[in-house]
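All remarks here apply to the structure that follows.
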Amino acid sequence: MSRQKFIAGNWKMFTNAASAEQLAAAVVKGVAKVDRVAVAVCPPFPYLERVAQVVKGAAVALGAQNLYPEKEGAFTGEVSPTMLVDVGCKHVIVGHSERRHKLAESNAFINKKVHAALAAGLHVILCVGETLAEREANATDRLLDEQTTQGLAEITAEMLARVVLAYEPVWAIGTGRNATPEQAQQAHAFLRRRVGELCGAAAAEKLQIQYGGSVKPDNAASLLHQPDVDGALVGGASLKADDFLAIVRAGIG
Ligand code: 13P
């Protein structure tokens, strides 16, 4: 089955008002020449509205990097799924390893976010991935199993249609050391099998699974050519329009 490739830029806590607009404008311009690949950018919260204006009408979707799993309420400093929809977001990243490890987010909390995002009409990019210690202890499959099973608890096949998984091995994030295409393929195939057991094989077959972790223009094609690698979640290289667009082009195949 051929799944459309999906390339998303996670800008993390980078850019400012001016550079966010410039970066988004350059991505919009570059993507105008590219079809067949879905593209999204995920700026920091304060710049979502500005970037929404820039990408309006273009083939670049807007995503947020986080949300709080309640519609509204006394949650000082948090942002609700409905607010994200309100400012024009289509996607939201959930379960990023930086939030799991630096902010101690649990699988149960992440699962609440997945449900809240879907209930508000958002599409979810659910990140999973093992640390180096887990990989070296041969615990990769167990960890991916745990994060997927718990992160997708009570998610039906119908709901899965608005979920994208992102396999992001922690040891490859921001390190310049990407997973090899074979390592990525192995993890993605494992994830697809596992999701098949949870939500049914047909839904799992349609599921887009992105790879994330030091994706650059020079390694993107070999990763994206793997049969179960359906896109990329790009950190550092998404902050340079030329690099990000080169990765988008690599997705055309
Ligand atoms: P890098 O591409 O900077 O390694 O970051 C990957 C990532 O965490 C995307 O969410």
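The values are calculated or read from the model by the stated rules, or taken from the named source; none is laboratory data. On a predicted model such as this, the values are computed, not experimentally measured, just so you know. Here Cβ is always computed from backbone atoms with ideal geometry, including for glycine, and neighbour counts include all displayed protein chains. Note: accessible area is taken over every heavy atom of the protein model, side chains too, but ligands, DNA and RNA are not part of it. Shrake-Rupley method; radii C 1.70, N 1.55, O 1.52, S 1.80 Å.
The local environment of PRO181, defined by Cβ-Cβ distances under 13 Å, has a net charge of -3 under the rule Lys, Arg +1 and Asp, Glu -1. Taking amide H as placed 1.01 Å from N in the peptide plane, VAL234 has its amide H under 5 Å from the amide H of ALA8, GLY9, ASN10, each at least 5 places away in sequence or on another chain.
Across the stretch 81-205, counting alpha-carbon atoms alone, Rg and Dmax equal 14.4, 44 Å.
Sorting ARG135, ARG100, ARG142 on solvent-accessible area from highest to lowest, probe radius 1.4 Å, gives ARG142, ARG135, ARG100.
In terms of solvent-accessible area of protein heavy atoms at a 1.4 angstrom probe, what is the ranking of VAL234, VAL85, highest value first? All intermediate terms of the calculation are to be shown ahead of the outcome.
Details: VAL234 0, VAL85 65 Å².
Order by accessible area, largest first: VAL85, VAL234.
Straight Cα distances below 13 angstrom link LYS56 to the aspartates and glutamates GLU21, with same-chain residues fewer than 8 positions distant left out. When only alpha carbons are used to place a centre, the stretch 175-253 and the stretch 41-91 end up 24 Å from one another.
Result for the chain in a Gaussian network model with C-alpha springs under 10 Å: among GLU197, GLU136, GLU49, the largest mean-square fluctuation is at GLU136.
If you take all other residues with their beta carbon under 14 Å from the beta carbon of ARG36, and give Lys and Arg +1 and Asp and Glu -1, the sum is +2. Computed over Cα pairs, the Kirkwood radius of the chain leads via Stokes-Einstein (1.306 mPa s, 10 °C) to a diffusion coefficient of 89 µm² per second. Once the chain from SER222 to GLU72 is taken as fully extended at 0.36 nm per residue, the excess over their C-alpha distance is 49.7 nm. Give the shape of the stretch 19-146 as rounded, prolate or oblate, defined through the alpha-carbon gyration tensor: a ≥ b ≥ c are the square roots of its eigenvalues, a/c under 1.5 means rounded, and otherwise the shape is prolate if a/b is larger than b/c and oblate if not. It comes out oblate by the Cα gyration axes.
A helix-only calculation puts the chain at -12500 deg cm²/dmol for mean residue ellipticity at 222 nm, using -39500 (n - 2.57) for each DSSP H run of at least four residues, averaged over all residues.
Within the listed set ASP242, ASP230, ASP218, the residue fluctuating most in the Gaussian network model of the chain (springs between alpha-carbon atoms under 10 angstrom) is ASP218.
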